[in-house]
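In what follows, a structure is listed as structure tokens, so that the remarks can point back to it.
The values are calculated or read from the model by the stated rules, or taken from the named source; none is laboratory data. Because the structure is a prediction, the values reported are computed rather than measured. For neighbour counting, all protein chains shown are included, and Cβ atoms are generated from backbone atoms with ideal geometry for every residue, glycine included.
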């Protein structure tokens, strides 16, 4: 059994509705750091194995959690375990900054960018483009039922990037007004499918139909080294409204043929051949 502090952290990860795969992976890394501060020797090694299983169960759709568990060693040495977890966090933050630099170069003056849900990597790109003096506007969805888009709107407001909020149902209508689409990712499979907030696939279809370039921004640790699209289990979180049960899959899969490129810290990859 894991210590109470770590169980609480895992519960927080399971309840998280706004932040995505990058945030949860860093929370998972912090759980490893806590564990390394509490145990040593063979007891630590056993607890590391147990924690890995629990982290994978938080959200089976997210490749970032899978890669975090792969990255962490099963070791009796607490300092080594702690150093590896801290390295993961550092690499994650460095990757996001590099994605911001690379992705911002795709944004031209007076661009109209459409996005769906909240992605910290997409926000980093937009923020960096603003810092480079580029003028552009963002169209963003509310992203129901958890309204991650409204969180993005607050972040854009803080850095004075102009935006317009639409309902999710208007993705098709507003895609034709955009010149560029940018979304994040929770999992990129080896066969080039992108799993992201449900509704991303609909946006990709609308962009394809209207000739709008569709890009995905994601750190390389969101690329699953083994899974193909049909093997990914999509997390569902049903909820009640007016005593009615509403089906609510958190993610959908966008086929590679609708994706112009995946912006990573390694450069812009063309799926699936460069994944």
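Key figures
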| item | result |
| --- | --- |
| When residues of the range 230-248 are limited to those that are outside any loop (DSSP other than H, G, I, E, B) and within 19 Å of residue 117 (Cβ to Cβ), the one modelled with the highest pLDDT | 246 |
| Set 27, 62: member being under 21 Å from residue 252 (Cα atoms) and modelled with pLDDT of 95 or more | 62 |
| Criterion (surrounded by 13 or more Cβ atoms within 10 Å (Cβ to Cβ) and closer than 27 Å to residue 29 by Cβ) met by exactly one of 212, 232 | 232 |
| Residue in the range 138-150 that is under 18 Å from residue 183 (Cα atoms) and over 18 Å from the mean Cα position of the chain (by Cα) present | yes |
